[in-house]
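Student: First, the structure itself, so that you have it in front of you.
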Amino acid sequence: MSFTGKYEMESENNYDKFMKRLGLPSDRIEKGRDLKTISEVQQDGQNFTWSQNYPGGPSITNNFTIGKECDMETVMGKKFKATVQMEGGKVVVNFPHYNYTAEIVDGKLVEISTVAGVSYERVSKRLA
């Protein structure tokens with residue numbers, strides 16, 4: 001299934017606990033809670049352009065090819081190198097402080113980030 005599309009966050013689970021585990025200050029956690037994040041994904045075979053727009057906050061875009069090392073950036077502006085994998089239809093990447101997966105389930109973008117046993121799930125509906 002192709003990831004290509006524009007998605008808007010419709011639900012999230014474990015946001016506060018995950019962000020605290022990452023070490024974010026409480027004011028930053030409060031500011032980010034319940035933002036209707038917009039994700040735009042373009043997939044051309046193994047090549048991806050993945051953008052996330054946080055209303056009133058930053059926008060980031062990462063370009064990557066499955067199985068090849070690339071330069072990436074976190075929402076906090078930290079730059080790092082990673083090799084993105086595709087495992088069972090899921091995009092998988094190890095960010096500096098957490099693991100991330102994304103998959104399409106019933107037409108929705110389901111993203112799960114895990115740090116030290118705490119998982120944060122964000123489900124986004126397809127807009128286009």
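The values are calculated or read from the model by the stated rules, or taken from the named source; none is laboratory data. Here the structure is a predicted model, which means the values were calculated and not measured. For neighbour counting, all protein chains shown are included, and Cβ atoms are generated from backbone atoms with ideal geometry for every residue, glycine included. Surface accessibility is based on the protein's heavy atoms, side chains included, excluding ligands, DNA and RNA. Shrake-Rupley method; radii C 1.70, N 1.55, O 1.52, S 1.80 Å.
Student: Over segment 1-67, one equal point on each Cα, no solvent: what is log10 I(q)/I(0) by the Debye formula at q = 0.20, 0.24, 0.25 Å⁻¹?
Tutor: -0.90, -1.05, -1.08
Student: Right, here's the next one. Top to bottom by accessible area (1.4 Å), largest first, where do 111, 12 land?
Tutor: Details: 111 5, 12 40 Å².
Listed by decreasing accessible area, they come as 12, 111.
Student: Moving to a separate point now. Regarding segment 29-78, what is the average projected area of its C-alpha convex hull, in nm²?
Tutor: Values: hull surface 15.8 nm².
Here the figure is 4.0 nm², rounded to one decimal.
Student: Once R0 is set to 35 Å, what does the formula 1/(1 + (r/R0)^6) return for the Cβ-Cβ distance between residue 68 and residue 26, expressed as a FRET efficiency to the nearest 0.05? Walk me through the numbers before you get to the answer.
Tutor: Numbers: r = 38 Å, r/R0 = 1.09.
Given R0 = 35 Å and the Cβ-Cβ separation, E is 0.40.
Student: Kirkwood hydrodynamic radius of segment 57-128 from all distinct Cα pairs, in Å? List each step's numbers first, then the result.
Tutor: On the way: mean 1/r = 0.0758 Å⁻¹.
One over the average 1/r among Cα pairs gives 13.2 Å for segment 57-128.
Student: Can you list, bin by bin at 10 Å, the percent of alpha carbon pairs in the chain, starting at 0?
Tutor: Per 10 Å bin, starting at 0, the Cα pair percentages come out as 12, 46, 37, 5, 0.
Student: Run the quick spin-label model on residue 11 and residue 42: label points 7 Å from Cα toward the beta carbon, then report their separation in nm to one decimal.
Tutor: In this crude label model, residue 11 to residue 42 measures out at 3.2 nm.
Student: Just the accessible area for residue 108, please: 1.4 Å probe, Å², rounded to the nearest 10?
Tutor: Roll a 1.4 Å probe over it and residue 108 shows about 70 Å².
Student: Per DSSP helix of 4 or more residues, -39500 (n - 2.57); summed, then divided by the residues of the chain. What does that give at 222 nm, rounded to the nearest 500? Mind dumping the intermediate values first?
Tutor: On the way: 2 runs with 15 residues, N = 128.
When only DSSP H runs of four or more count, the value is -3000 deg cm²/dmol.
Student: How large, in percent, is the carbon and sulfur part of the accessible surface of segment 1-118 at a probe radius of 1.4 Å? Numbers along the way, then the final one.
Tutor: Details: 3050 of 6630 Å².
Roughly 46 percent, rounded to a whole number.
Student: Measuring with a 1.4 Å probe in the full set of protein chains, what accessible area per residue, in whole Å², belongs to the chain? It would help to have the intermediate numbers written out before the result.
Tutor: Values: 7140 Å² over 128 residues.
So the chain comes to 56 Å² accessible per residue, rounded to a whole number.
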